[in-house]
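Engineer: Dumping the structure here so I can ask a few things about it.
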Amino acid sequence: MFRHACSFALLALAISPAHADDCPTAQTAKLGFVLERPGAVAEVRPAAEHFVHVLNAYLGGKKQDVIYYRGFFPISRFDDTARSINIPVSDLRSLFPLEPKARRTLTYSASQPGKVGALISLELTVTGQEQIQLGSCSYKVLVVHNRFLNQDGKTTFEHTDLYSPELGFVLAKRYEEKGGAQTTVKYQSIKPLRRVSPL
């Protein structure tokens, strides 16, 4: 009995580090990682010059290709039905580094192939830090409030990103509802990029 108990304890110790290794870190995230939530899988692949390529696959077979700057600002978004391109007017590099209490402003044009859209101002404010749990993995995230303004200076939309500097990607989004309630949409799990099962 004692021998069996010791064998089980040793097996548990041998298995535990493997689970820890499944949580992407700042180093291993450079090789890519997979985020999942019900009905959606995102394959995240860092590229050169701080760009990040993401392939989103949704329940039902729809796929979407997105290019982000530093895993935060979407540059382009292509799928079967729509193509959008955000053309920065101000320097994207000025957004980073993001840190607590930082305030940044970016002006860009939300465009489509063959059609340049009106200018939009994006005001970013880092309001704090939180810890976020994705399955067995835990990450510190910056709470980044986004406020979008049109050419007349009127606020058109607001939301909050929970951005992981370690992974260089937004792990959740938070929306304000009427009456002061909040809705957080986040991924449920994360793992290193390997072969992903179809939805």
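The values are calculated or read from the model by the stated rules, or taken from the named source; none is laboratory data. Every value quoted in this text rests on a predicted model; they were computed, and no experiment measured them. Cβ atoms come from the backbone with ideal geometry, glycine included; neighbour counts cover every protein chain shown.
Engineer: Quick one: count up the residues across the stretch 63-81 that are polar (S, T, N, Q) and within 15 Å of the chain's Cα centre (by Cα).
Structural biologist: Kept after step one, since they are polar (S, T, N, Q), are these residues of the stretch 63-81: 64, 76, 81.
Next, only the ones that are within 15 Å of the chain's Cα centre (by Cα) stay: 64, 76.
Total satisfying the criteria: 2.
Engineer: Have a look at 191, 140 and point out the one that is modelled with pLDDT of 95 or more and surrounded by 14 or more Cβ atoms within 10 Å (Cβ to Cβ). Working first, answer last.
Structural biologist: Values: 140 fails: surrounded by 14 or more Cβ atoms within 10 Å (Cβ to Cβ).
After applying the criteria, what remains is 191.
Engineer: Could you grab me the full set of residues in the stretch 46-66 that are surrounded by 15 or more Cβ atoms within 10 Å (Cβ to Cβ) and of a type in the set (Gly, Ala, Ser)?
Structural biologist: Across the stretch 46-66, the qualifying residue is only 57.
Engineer: Identify, by number, the condition in (1) loosely packed, with under 12 Cβ neighbours inside 10 Å; (2) within 25 Å of residue 142 (Cβ to Cβ) that residue 74 doesn't meet.
Structural biologist: (1)
Engineer: Pairs under 8 Å by beta carbon, first residue over 16 Å from residue 170 (Cα atoms) and in contact (Cβ under 8 Å) with a residue 40 or more places away in the chain in the stretch 36-57, partner aromatic (Phe, Trp, Tyr) and surrounded by fewer than 17 Cβ atoms within 10 Å (Cβ to Cβ), six or more apart or different chains?
Structural biologist: Going by the 8 Å Cβ cut-off, the qualifying pairs are 39/58.
Engineer: Going by the structure shown, is residue 43 out of contact with any helix residue (DSSP H, G or I) (no Cβ under 8 Å at 6 or more places or on another chain), surrounded by fewer than 18 Cβ atoms within 10 Å (Cβ to Cβ) and at pLDDT 95 or above? Spell out how you get there, then give the answer.
Structural biologist: Numbers: out of contact with any helix residue (DSSP H, G or I) (no Cβ under 8 Å at 6 or more places or on another chain): yes; surrounded by fewer than 18 Cβ atoms within 10 Å (Cβ to Cβ): yes; at pLDDT 95 or above: yes.
Judged against the criteria, residue 43 is a match.
Engineer: Being at pLDDT 95 or above and among the aliphatic types (A, V, I, L, M) is the filter here; which residues of the stretch 143-184 pass it?
Structural biologist: Result: 143, 144, 149, 162, 167, 170, 171, 172.
Engineer: Taking the stretch 160-184, which residues are free of Cβ contacts under 8 Å to residues at least 40 places away in the same chain, part of a strand (DSSP E or B) and aliphatic (A, V, I, L, M)?
Structural biologist: 162
Engineer: Within the stretch 125-174, track down each residue that is in contact with a Leu (Cβ under 9 Å, 6 or more places away or on another chain) and basic (Lys, Arg).
Structural biologist: The answer is 147, 173, 174.
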